[in-house]
6 protein chains.
Amino acid sequence: MIACNFGGPLILKIKRMSTLVKDFNAYREKMNAVILEQNNRVMKRLWNLDTNTYEEGALGQKTKEMLGLVASMVLRCDDCIKYHLGKCFELGVSTEELYEVFAVANIVGGTIVIPHTRRAAEYWEALATEGKM
Amino acid sequence: MIACNFGGPLILKIKRMSTLVKDFNAYREKMNAVILEQNNRVMKRLWNLDTNTYEEGALGQKTKEMLGLVASMVLRCDDCIKYHLGKCFELGVSTEELYEVFAVANIVGGTIVIPHTRRAAEYWEALATEGKM
Amino acid sequence: MIACNFGGPLILKIKRMSTLVKDFNAYREKMNAVILEQNNRVMKRLWNLDTNTYEEGALGQKTKEMLGLVASMVLRCDDCIKYHLGKCFELGVSTEELYEVFAVANIVGGTIVIPHTRRAAEYWEALATEGKM
Amino acid sequence: MIACNFGGPLILKIKRMSTLVKDFNAYREKMNAVILEQNNRVMKRLWNLDTNTYEEGALGQKTKEMLGLVASMVLRCDDCIKYHLGKCFELGVSTEELYEVFAVANIVGGTIVIPHTRRAAEYWEALATEGKM
Amino acid sequence: MIACNFGGPLILKIKRMSTLVKDFNAYREKMNAVILEQNNRVMKRLWNLDTNTYEEGALGQKTKEMLGLVASMVLRCDDCIKYHLGKCFELGVSTEELYEVFAVANIVGGTIVIPHTRRAAEYWEALATEGKM
Amino acid sequence: MIACNFGGPLILKIKRMSTLVKDFNAYREKMNAVILEQNNRVMKRLWNLDTNTYEEGALGQKTKEMLGLVASMVLRCDDCIKYHLGKCFELGVSTEELYEVFAVANIVGGTIVIPHTRRAAEYWEALATEGKM
């Protein structure tokens with residue numbers, strides 16, 4: 001027999017600690033597939049172009065991903081932030097460097113960026129934690 | 001005895017597949033009632049005006065709802081998107097037409113519109129699924 | 001043996017009625033601590049400055065919090081709105097006054113502010129309800 | 001015979017010092033007339049509603065105009081800022097109070113609000129100067 | 001001998017009445033050339049894609065240009081508005097239809113869209129006037 | 001006797017070619033002085049903090065200025081863009097690198113960033129031209 005007396009917030013908390021990265025990626029991939037299936041040419045080409053934008057060029061990939069991150073932060077797009085955090089993590093951006101990107105975003109975009117910074121900080125921790133699992 | 005081993009993400013997934021439209025409408029109606037109860041004259045008149053805006057005129061209702069949808073997408077307001085998707089669905093906008101609206105929104109507003117397009121695509125599928133139930 | 005037949009939406013509803021304020025504050029405090037721990041000087045000073053901004057001056061605290069609220073509403077930052085609603089509640093802003101702030105936000109920022117107004121109205125009720133518990 | 005050796009910047013400077021307020025109002029009135037002539041019912045009613053929003057209510061007119069100003073600043077709408085500055089000037093907002101509104105706008109909206117604050121400060125001076133003429 | 005006693009505002013007015021469309025197009029073309037000369041592949045492909053977006057498809061060109069216009073209005077991009085107004089003019093959008101697009105933009109985006117609507121109305125008149133010359 | 005037959009657009013063109021950078025800096029400095037004179041503590045501290053944000057740290061100054069630039073571009077703040085372009089120019093960002101920043105801004109922020117990219121490209125040329133004078 002099981003107690004089952006957990007409420008909404010607890011579930012949410014468990015979810016956050018353990019599957020934040022996995023859930024984001026799963027939903028993203030599932031819905032990207034749904035969209036691409038419709039064969040809208042503009043959408044498909046825009047997505048290809050999006051990938052090209054962050055490729056090594058005169059600027060390195062790491063710099064470009066930080067540019068994508070700061071742009072996503074000031075525009076306050078949580079999912080975009082998560083995506084670029086994932087890339088920054090893979091490319092070896094240090095936590096100190098990351099927080100300097102956060103600082104630029106918060107100064108340029110103001111205190112409305114703070115709630116997004118909280119979720120970004122949480123996701124950054126999840127990247128480290130889930131990566132170890 | 002019950003296994004009860006569903007976690008947060010699973011619940012979320014079930015919810016999304018079956019009650020996305022119903023939940024949106026229920027919350028919207030409940031809170032609209034709370035707001036209108038306060039009798040703020042500006043709020044009430046703005047909401048009436050909002051309804052008038054999308055009535056048949058020199059432009060047809062379908063065109064106007066697509067205008068409302070693309071505006072909501074570039075401004076990245078998920079609930080506004082859901083509302084206009086519901087109207088577009090009722091007025092017979094085809095999936096191919098819809099994705100051309102999505103394309104305009106993504107080109108004008110950039111890749112920050114993509115996460116909102118994902119949720120819009122999911123809601124569009126829910127409109128078809130829940131409509132059939 | 002336990003029924004355990006509650007679904008996602010129900011859990012969500014329970015959460016909303018009873019712990020909306022508590023949850024917001026708990027998450028906010030937890031993540032603020034995570035961010036401040038990193039000792040980024042710009043972030044720390046910006047947050048201090050944020051506090052100073054709303055202190056009594058030529059304008060009273062209540063007016064300043066309403067300014068912070070309307071700014072957060074037109075910029076559509078739900079967490080910022082919650083924060084300023086909490087302060088407005090503490091400082092004795094009346095529901096009638098609050099809805100006049102809502103009206104300015106909706107007129108200046110348009111109907112895309114409506115979904116945020118719904119969540120603001122819900123949080124305002126939660127402040128009264130949870131305050132009594 | 002006339003020297004005529006003034007260039008673009010000089011002309012611009014002269015214009016700014018003496019006719020900033022007059023020019024803004026003249027253009028605004030001229031174009032409002034053009035728009036209202038088209039008899040679009042939604043536009044006309046929205047504009048009436050806009051006027052009602054700032055009328056004395058539970059909150060005083062001065063507070064409401066400051067709310068309109070801070071909202072316009074964080075949304076970075078120079079003409080909206082000018083309009084509300086004009087109203088604040090008429091209603092006796094002091095320069096010290098005004099700069100506290102500026103401070104809220106700059107903290108909430110970030111350093112991107114600074115260029116608009118510069119133009120707001122210039123217009124505020126013009127209101128005093130042109131008012132005296 | 002020449003009087004030369006015209007001031008800044010007068011020059012501005014003359015410019016507006018007679019060369020608004022020509023000036024916009026001239027500057028746009030000049031700077032597009034400067035940008036394309038740099039051969040940045042992402043920029044070039046994005047611009048091609050931008051053109052494709054408004055081509056006849058499931059939705060007609062006229063509808064797509066109105067979608068582009070309303071999106072540009074709520075995002076308050078004057079130059080984007082001018083571009084789509086030019087296209088709407090070419091495609092035979094009527095003034096009554098245009099003002100219904102303006103209405104959607106003003107309701108969705110709020111009164112901060114009004115100053116951009118003023119400039120849009122002025123440019124629409126210039127399209128008719130300059131077209132006749 | 002002097003011809004004096006230059007019209008508005010011509011003046012504008014001359015201004016743009018020769019004094020774009022000088023004019024921007026002159027106006028910026030003049031109005032910053034006006035604002036700082038008012039001794040608003042929050043404004044003063046925010047501006048100090050703004051300066052600190054771009055100082056050498058875990059990330060180099062050049063990277064930070066590019067972060068500031070891309071953030072300013074997606075938020076479509078022309079004066080902020082000019083400021084960061086000036087800094088990027090001083091710090092030796094190459095034109096090829098710059099256009100990769102432009103590309104990120106245009107992809108993330110969409111085609112509404114294009115008009116700001118045009119003005120940025122013009123200002124970048126002015127920095128080179130005026131620097132030589």
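As an exercise: evaluate A:Phe24 against (1) touching an Asp or Glu at 6+ places or on another chain (Cβ under 8 Å); (2) at pLDDT below 95 and give the number of the one condition it does not meet.
In the conditions (1) touching an Asp or Glu at 6+ places or on another chain (Cβ under 8 Å); (2) at pLDDT below 95, A:Phe24 misses (2) alone.
On the basis of being away from chain E (no Cβ under 14 Å), among the acidic types (Asp, Glu) and without any contact (Cβ under 8 Å) to a residue 60 or more places away in the chain, does C:Glu122 make the cut?
no
Can you name the residue in region B:25-46 that is within 8 Å of chain C (Cβ to nearest Cβ) and more than 17 Å from D:Glu56 (Cα to Cα) and, of all such residues, is surrounded by the most Cβ atoms within 10 Å (Cβ to Cβ)?
B:Leu46
On the given criteria, is A:Ala58 open to solvent by less than 20 Å² (accessible area, probe 1.4 Å), among the small types (Gly, Ala, Ser), more than 22 Å from B:Thr117 (Cα to Cα) and away from chain D (no Cβ under 14 Å)? So that I can check it myself, show each step before the final result.
Working: open to solvent by less than 20 Å² (accessible area, probe 1.4 Å): no; among the small types (Gly, Ala, Ser): yes; more than 22 Å from B:Thr117 (Cα to Cα): yes; away from chain D (no Cβ under 14 Å): yes.
Criteria not met by A:Ala58.
Does region D:2-21 contain at least one residue that is at pLDDT 95 or above and open to solvent by 30 Å² or more (accessible area, probe 1.4 Å)?
No, every residue in region D:2-21 fails to be at pLDDT 95 or above and open to solvent by 30 Å² or more (accessible area, probe 1.4 Å).
Which count do you get for residues in region C:100-133 that are of a type in the set (Ser, Thr, Tyr) and open to solvent by 10 Å² or more (accessible area, probe 1.4 Å)?
The total comes to 2.
Is it the case that some residue within region B:99-106 is acidic (Asp, Glu) and touching a residue at least 12 places away in the same chain (Cβ under 8 Å)?
no
Select from region A:66-92 the residues that are open to solvent by less than 10 Å² (accessible area, probe 1.4 Å) and more than 13 Å from chain B (Cβ to nearest Cβ) and list them in ascending order.
If the condition is that a residue be open to solvent by less than 10 Å² (accessible area, probe 1.4 Å) and more than 13 Å from chain B (Cβ to nearest Cβ), then A:Met66, A:Leu85, A:Cys88 are the ones that fit.
If you go through region D:98-133, how many residues are under 19 Å from F:Lys30 (Cα atoms) and of a type in the set (Lys, Arg)?
Of the residues in that region, 2 qualify.
The values are calculated or read from the model by the stated rules, or taken from the named source; none is laboratory data. Note that the structure is predicted; figures quoted are calculated from it, not measured. Backbone-built Cβ (ideal geometry, glycine too); neighbour counts: all protein chains shown. The accessibility values were calculated without ligands, DNA or RNA, using every heavy atom of the protein model including side chains. Shrake-Rupley method; radii C 1.70, N 1.55, O 1.52, S 1.80 Å.
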